[in-house]
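Notes to accompany the following structure.
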Amino acid sequence: MTEEKNILEVQDLSVHFGHGEELVKAVDEVSFTVGRGETIALVGESGSGKSISALALTRLAPRAAVYAGGRVLFNGSDMLLRSERELRDIRGSQISYIFQEPMVSFNPVFTIGWQIEEAIRLHRKDVNVAGEIERLLDLVQLPERSAKAYPHQMSGGQLQRCMIAMALACSPELLVADEPTTALDVTVQREILNLLADLSQKVNLSVLMITHNFGIVADLASRVYVMQTGKIVEEGGTKQVLYEPRHDYTKQLMAAVPRLHPAKN
Amino acid sequence: MALEKGQSLWSDAWRRLKKNRLAMLCLGLVVLFTLLAVYGEMVYLYHHAKDITPSYQMTNLDAAYEAPSIRHWMGTDGLGRDVMARLVQGVRIAYKVGIITSLIAIPIGVLLGCLAGFFGGKVDDFIVWLYSTFASMPGLLFILAIAMVVPDNGLLGVYLGIGLTTWVGLCRLVRGEVLKHKEQTYVQAAKALGIGSGRIMFRHILPNIMHVVIVTFTLRFPAAVGTEVIMSYLGIGVQGEPSWGLMIDSARMRLWQGMWWEMTFVTLALFLLVLAFNLLGDALRDALDPRLND
């Protein structure tokens, strides 16, 4: 297989719920690409279909979803045509996710170490697990003893770091971060975003960032796609979209970002 | 970072349980009964291996219907057998019934409940149909029917009869819990890591609902014992072994003549066992409920 330029190419992806009169086009002919080592952002309000688009990449959308059309080319092969078995091998090892609410994304009855270990063992054989856990915790700047903690003993920020450690356990090529900082307070948001930016440099990771907050897009993403009611309404380089938004919806979204000093005009 | 000392769900539950005096008393009773059952089993196995008649089966018509005394603390029955020795053997039978029927019913209930809750759709329809069918039949009649079909007259019929009919309640509970848990983010996260359905069901969701299984066990155990007593009393349960049901049946004959001891001690033992397990079950349910965190 020839090395594709883009690690991910989504072409005219449509995901529908229900049928007949009740048909909801949650994702409606959406196209976007993620280059190797690139970080892009999918921005939109709640219900704009951005999360469903992200989940659809490995067919993780809720059971009721119908993949009505389009292609999801990951390294050139269409994820929508893969078997469930093949997708399971891809999830976690090549495409990893981190979710919005770290507090409920961990199994409450197991220690962090147990859960990271499981993530490692899933897709990798013959590794020094203890050493790997230590390396991963170190990567996300957590002390080694965190491995012995239960999820309820950690803060949201710490848990989101653990989540990132788990997501990176099998060195995926693409990380899908679905609102990774929404449930965290502002200073912790900054730390997590810096960490993600660092890591994407360090391990040459492609990141698809899903967010409703233009504030966190600016430093992180090289390109931005703006989604509204299942459609992409604007796309472009981050600077271009931020400084010269063409679509009204983009302007509204940007106006919604709280500022310490309101714009003078 | 604020790391408290290792507190898992279980150590938390144990801490809460320890504060409940009544529960600890019941736990003591349960431990006592368990020790008696183990002792009874050892006595039974010893005599069985040596092929000699154990004392609790030895008839001595000269000593029939003796009131409680230093020699026979709980008196003797119509065949001159020591009631206390037979009562201890009754604990053994009761425990065997409670444990073996649980070993049949709990795996069925948990497995079907997990499958139904997790996969939904046709699987769910079938399992709900299956347990509705089971639930629609009067319990005791169903058990009696199974016990009569089983050729071996005795404990095997009791085990199968009770075991195969009492998984419905647990199945329903587990199904409901799994339905709730499978929508939670940690399950979504596990899927996103590429973990398979079987592992998510049994390794991720099941440990989270294990408290339901444990509480169910403590509540169905005495229920199974009670059912066995009724079956044996009716003459289609245990035969030839000193089950509490048989003892009650034999004691009832002479109760009107003032031979109160056999009936009293057997029902007292049954009462205490059922009460201890039920109260402990209730306390466990409270202790294991994380929402009641103090």
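Data overview
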| quantity | calculated |
| --- | --- |
| Unmet criterion (only one of (1) more than 28 Å from A:Ala26 (Cα to Cα); (2) surrounded by fewer than 15 Cβ atoms within 10 Å (Cβ to Cβ); (3) among the charged types (D, E, K, R)) for A:Glu191 | (2) |
| Residues satisfying the stated conditions in the range B:30-56, i.e. surrounded by fewer than 17 Cβ atoms within 10 Å (Cβ to Cβ) and touching a residue at least 60 places away in the same chain (Cβ under 8 Å) | B:Thr34 |
| Qualifying positions in the range A:199-252 - among the aromatic types (Phe, Trp, Tyr) and touching a Gly at 6+ places or on another chain (Cβ under 6 Å) | none |
| Some residue of the range A:113-123 being β-branched (Val, Ile, Thr), touching a helix residue (DSSP H, G or I) at 6+ places or on another chain (Cβ under 9 Å) and farther than 15 Å from A:Ser171 by Cβ | no |
| Cross-chain or 6+ apart pairs with Cβ under 7 Å, the range B:256-281 first and without any contact (Cβ under 8 Å) to a residue 40 or more places away in the chain and at negative phi, then in a helix (DSSP H, G or I) and of a type outside the set (A, V, I, L, M, F, W, C) | B:Met263/B:Arg252 |
| Residues (at the interface with chain A (Cβ under 8 Å from one of its Cβ atoms) and among the aromatic types (Phe, Trp, Tyr)) located in the range B:187-216 | none |
| Those strands (runs of 3 or more DSSP E) lying entirely in the range A:16-130 with at least 2 residues within 14 Å of chain B (Cβ to nearest Cβ) | A:95-98 |
| Residue check, A:Ile112 farther than 23 Å from A:Ser206 by Cα and either in contact with a strand residue (DSSP E or B) (Cβ under 9 Å, 6 or more places away or on another chain) or surrounded by 23 or more Cβ atoms within 10 Å (Cβ to Cβ) (or both) | yes |
| Given (1) free of Cβ contacts under 8 Å to residues at least 40 places away in the same chain; (2) in a helix (DSSP H, G or I); (3) over 14 Å from the mean Cα position of the chain (by Cα), number of the condition A:Ile192 does not satisfy | (3) |
| Residue selected from the range B:183-205 under the condition in contact (Cβ under 8 Å) with a residue 40 or more places away in the chain and buried (at least 20 other Cβ atoms within 10 Å of the Cβ), by the criterion nearest to A:Ala165 (Cα to Cα) | B:Ile200 |
| So B:Leu45, is it over 28 Å from the mean Cα position of the chain (by Cα), of a type in the set (A, V, I, L, M) and more than 30 Å from A:Gln153 (Cβ to Cβ) | no |
| Yes/no for A:Ser200 being part of a helix (DSSP H, G or I), of a type in the set (S, T, N, Q) and in contact with a Lys or Arg (Cβ under 9 Å, 6 or more places away or on another chain) | no |
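Only the coordinates and a few stated rules stand behind these numbers; no lab work does. Note that this is a predicted model, so its numbers are computed, not measured. Cβ sites come from the backbone with ideal geometry, for glycine too, and all protein chains shown count toward neighbours.
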